[in-house]
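Written below as C-alpha cells is the structure these notes are about.
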Amino acid sequence: MRLILLGPPGAGKGTQAQRLVAKYGIVQLSTGDMLRAAVKAGTPVGLQVQKIMASGGLCPDELVVDIIGQRIDQPDAHKGFILDGFPRTVPQAEALDSILSEKALDLDAVIELQVDEGALLRRIETRIADMKARGEKLRDDDSPEVLHKRLEAYRQLTAPLIAYYRGHGMLRSVNGMAPIDDVTKAIDEVLAAGGAKAVASKKKEFSA
Ligand code: ADP
C-alpha cells in the first residue's frame, strides 16, 4: 500500500498516519520528521534547512526529493509507505511521479484531510497552550506567527496539489474535522474500496 496524506498543518496527518502504520504494517515517511532529525544531528542538510524551518518556509524541492527518493529504497519501505508532508509543491509531486515510475511502483490513493482553517488555528493554538501548560518543549516552528506563515505556504504551494491529484484521478477527500476515530473510519472505507486504483480499473472496464 502506497499512500499520500494531504492537508494543512494541524489537519491530523501524523495521527492518521500512525494508525495506518499499525494497521497495514507500512512505514510513515514524514519529511518534517526527517528534516527535524537532520537539524538535531547538525548534518549539512540540517544546517541548510534550520532557519527555513524555524521561519515556516519550505525547504528546497531538490533537497526533499532526494531525501524521499533514497528513503523509498530502504528495505522497510518495500511493503509500502505513507507519505506525510511530502509532496508539498507541484514540482515535488512531478518528481515523485518520475521516481515511482522508474521503480515501476504506483500509488493507491492520495487522501486529502479537509479542514476548516479557523478551526485549525484554534486546534493548533490549543495544542501549543496544552504543551506549554504541561511544560513540554515546543517545536521551533510552533508559534502563532510561524503557524500563519506555514498556512500561507500551504495555501500557495501545497493546495494546488489537490487539483493536481484530482486531475490524475488519485484524489480521495475525507472530512478532517470529524472526531479522530471517524476520520480513521473514513480513510479505511476509501482503502477498502480499493483507493484510486479500483476506480481507475472500473473506468477501464467501462471504456473497454
Ligand atoms: P506541519 O506540522 O506544518 O505539517 P511538517 O512537520 O510536515 O509540518 O514540516 C515542518 C517543516 O519542515 C515545514 O514547515 C518545512 O519547512 C519543512 N518541510 C517538511 N516537508 C517538506 C517538503 N516536502 N518540502 C519542503 N519543506 C518541507
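The values are calculated or read from the model by the stated rules, or taken from the named source; none is laboratory data. Here the structure is a predicted model, which is why all the values come from computation and not from measurement. Neighbour counts are summed over all protein chains in view; Cβ atoms, including those assigned to glycine, are modelled from backbone coordinates with ideal geometry. Ligands, DNA and RNA are excluded from the accessible area calculation, which covers all protein heavy atoms including side chains. Shrake-Rupley method; radii C 1.70, N 1.55, O 1.52, S 1.80 Å.
A few remarks follow.
- When its C-alpha radius of gyration is set against 2.2 N^0.38 Å (N residues), the range 1-75 gives a value of 1.17.
- Electrostatic dipole magnitude of the chain [Cβ: Lys, Arg +1; Asp, Glu -1; Cα centre; debye, to 20]: 280 debye
- Note that the chain presents 52 Å² accessible area per residue, ligands and nucleic acids not counted, probe 1.4 Å.
- Accessible surface of the chain [probe 1.4 Å, protein heavy atoms]: carbon and sulfur percent: 55 percent
- What the Cα convex hull of the range 107-192 gives, in volume per residue, is 123 Å³.
- On the principal axes of its alpha carbon atoms, the chain extends 59, 38, 32 Å, with the longest extent given first.
- Within the shell of other residues whose beta carbon sits under 15 angstrom from the beta carbon of G46, the net charge comes to 0, with Lys and Arg scored +1 and Asp and Glu -1.
- Long-range amide H partners of L6 with built H, under 5 Å: I111, E112, L113
- Ellipticity estimate at 222 nm from DSSP helix runs (n ≥ 4, -39,500 (n - 2.57)) divided over the chain, nearest 500: -18000 deg cm²/dmol
- Which listed pairs, of K13/K149; K149/K185; K13/K185; K132/K185; K23/K185; K40/K137, have C-alpha distances above 21 Å, in listed order: K149/K185; K132/K185
- Taking every C-alpha pair closer than 8 Å and separated by at least 6 residues, the mean separation divided by the residue count of the range 25-160 gives a relative contact order of 33 percent.
- Net charge of Cβ neighbours under 14 Å - reference H148; Lys, Arg +1; Asp, Glu -1: -2
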